[in-house]
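The structure under discussion appears below in the form of structure tokens.
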Amino acid sequence: MSPLPTPRGQQPKVVFLAATGHNVVLGTAGTGKSTMAMLRALHLARPTTTNNGPVLVVTFNNTLVTHLKYLVSETNAQVTVESYHLFARGYLNWLGLMSYGSIVPDSDRVEALVRTAIASVKSAVGEHALFGQPVSWFVDEIHWISGMGVASEDEYQERPRLGRRTPLAGGAPRSIAWAVHDEYRRVRADAGFTYDWDDLGGALAKALQSDDRPRRYRHIIIDEGQDLWPTDIRSLVHAVQPGGSLTFFGDYHQSIYGQGLSWRWTGIQLGNRPVEKFRDNYRNTAQIARVAIAMAASDFMKADDDDLVEPRQPAADGPMPTMVKCQSADVEIKMVRNFARAASEDQKVAILARTWSQASSAVGQLPHIELRKDMATWDDEPGLYVGTYHSAKGLEFDAVFLPFLTDDSIPHYFVLQDYPEDEAYSREARLLYVSITRARSSLVMSYTGRLTPLLPPNDNLWLEETR
């Protein structure tokens, strides 16, 4: 029996959207975007469907890839599910533009190369206030330039700096940032690297524009598209067979990787087609959804943006979420382990934390499965899963435990260090929103000391306990 549920409400409309051209589907957490994406993939792959053909379902998060593969229980050689980076590497390799070891392997190495570039530019131009920014600020800016496909300093000076709530001034600051970008590219090449993970999309989009060989996929479906760069999506637009279709699924409340960029920058062309919007939450109980809705309406997440879909409270009833204030971290850990051990005997349970070290300390020696990118399988059997807010993206559990919600854990120190306060709070609030909306029916939150300011005031949103 397929784990895919029967589509409800307006969901069938999306499954059977036109099999040609571009479609955009926006929905809040719990509206069934992944379900619709996989049902649409199976529909487009079936021989009985007009204009059927090979289908690619692509997303950013590797753990979500494992979950999506599980949803496609029926064997279908026409449907491929993979991460964007795997797709891009494979295509660049097929085009002869990818060799072994050509990608900077990790963020630490990228940061080291950018640090070298900053020192070189500073030596050439002298002191400037921009050099007071941390290295990670420059890394973020370089990735934004790559992800947006900005090709020149003139274009960079003119382009609105979306993705930062605090604008980056033009003129000299941007000239310095561009110089660091160029120098990073040079020192990266000297170190033997052609790409980093954030400029694969730009390279692939450029290559595909001039490549007239037949495309592999008749249809491409993007799940959690808000987490991909515009250049990533632009490359997927170019990768679709002529006469095929591309369908974009996204939720900009859940943009957790810093892009925060509209699908309108990606080469998607709707013509006269409307954006399909979904507000009905089929995952969370009304009690859990009320917490998420309050967060979405907060100053940290609220924005005047047509791409943000206002969530609607579901009808499903359940217990009130619980917030537990603990006397110490030891008390908090013991409580979480006891609750999670009991709940996971007959439910699918997750302990989620801001960092892996926090998640590991919370679960201790309890038998569990880590939500890592190399997680091979997924099922809906009872058990305990452990991970970070990032790693739980797109997944759902019967019960979720969120420990360590203190003001010194979230917003995370490094994010506060790297970004202006409003931007840091916005990024971290979206992360917390994602973690809260993973819970189907039971949500237990806990902290010691002072509660994070990212949560809304408790206007009868949760029960309070002290331990």
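The values are calculated or read from the model by the stated rules, or taken from the named source; none is laboratory data. Bear in mind that the values here come from a model prediction, so they are computed numbers and not experimental data. Ideal geometry is used to build each Cβ from the backbone, glycine not excepted, and the neighbour counts take in all protein chains shown. What goes into the accessible areas is simple: the full protein's heavy atoms, side chains included, and nothing from ligands, DNA or RNA. Shrake-Rupley method; radii C 1.70, N 1.55, O 1.52, S 1.80 Å.
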Inset, instruction - List every residue whose amide H lies under 5 Å from the amide H of Gly318, counting only residues 5 or more places away in sequence or on a different chain, with H placed 1.01 Å from N in the peptide plane. - result: Ala286, Gln287
Inset, instruction - Note down the relative contact order for the chain as a percent, whole number, built from C-alpha pairs under 8 angstrom at least six residues apart. - result: 20
Legend entry - Mean separation of Cα contacts under 8 Å (6+ apart) over length of region 135-254, as relative contact order %: 27
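Please work out whether the chain counts as rounded, prolate or oblate from its C-alpha gyration tensor, where a ≥ b ≥ c are the square roots of the eigenvalues and a/c under 1.5 means rounded, while otherwise a/b larger than b/c means prolate and anything else oblate? Provide the component values of the computation, followed by the final result.
Numbers: a/c = 1.70, a/b = 1.13, b/c = 1.50.
Oblate.
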Legend entry - Inter-probe distance in nm under a simple model that places probes 7 Å from Cα toward Cβ, at Glu153 and Ser123: 1.9
Legend entry - Chain lengthening between Arg264 and Arg450 when straightened (0.36 nm per residue, less Cα-Cα): 62.9 nm
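Could you state the accessible area per residue of region 91-211 in Å², with a 1.4 Å probe and every protein chain left in place?
Heavy-atom accessible area per residue stands at 47 Å².
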Legend entry - Mean Cα-pair separation over length for region 310-467, i.e. relative contact order, pairs under 8 Å, 6 or more apart, %: 36
Legend entry - ³J(HN,Hα), Karplus 6.51/-1.76/1.60, whole Hz, each residue of region 225-231, x for Gly, Pro: x, 5, 8, 9, 6, x, 5
Inset, instruction - Give the peptides 30-38, 411-419, 349-357 in descending order of average Cβ contacts within 10 Å, highest first. - result: 30-38, 349-357, 411-419
Legend entry - Calculated from backbone phi, Karplus (6.51, -1.76, 1.60) coupling profile of region 283-289 in Hz, x at Gly/Pro: 9, 8, 6, 4, 5, 6, 4
Legend entry - Charge dipole (region 42-163, unit charges on Cβ, about Cα centre) - positive-most of Ser120, Ala77, Asn51: Ala77
Inset, instruction - Find the accessible area per residue for region 319-453; the probe is 1.4 Å, ligands and nucleic acids are left out, and the unit is Å². - result: 40
Legend entry - In region 17-124, GluC sites (Glu not before Pro) in a DSSP loop with at most 15 other beta-carbon atoms within 10 Å: Glu74
Inset, instruction - Report the GluC sites (Glu not before Pro) located in region 126-202 that are in a DSSP loop and have at most 13 other Cβ atoms inside 10 Å of their Cβ, or state none. - result: Glu127
Inset, instruction - Determine, for each peptide in 319-330, 54-65, the mean count of other beta carbons within 10 angstrom over its residues, then list the peptides with the highest first. - result: 54-65, 319-330
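Given the rule -39500 (n - 2.57) for each run of at least 4 DSSP H residues, summed and divided by the residues of the chain, what is its mean residue ellipticity at 222 nm, to the nearest 500 deg cm²/dmol?
-11500 deg cm²/dmol, from helical runs alone.
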Legend entry - Out-of-range pairs (alpha-carbon distance over 23 Å; input Lys206/Lys393; Lys33/Lys325; Lys325/Lys393; Lys33/Lys348; Lys13/Lys348): Lys206/Lys393; Lys33/Lys325; Lys325/Lys393; Lys13/Lys348
Inset, instruction - Quick one: dipole size for the chain, taken about the Cα centre, charges +1 on Lys/Arg Cβ and -1 on Asp/Glu Cβ, in debye to the nearest 20. - result: 1040
Legend entry - Surface share of carbon and sulfur [accessible, 1.4 angstrom probe, percent] for region 29-163: 50
Inset, instruction - Quick one: what are the phi-derived ³J(HN,Hα) couplings along region 172-181, Karplus 6.51/-1.76/1.60 with θ = phi - 60°, whole Hz, x for glycine and proline? - result: 4, x, 6, 4, 5, 4, 5, 4, 5, 4
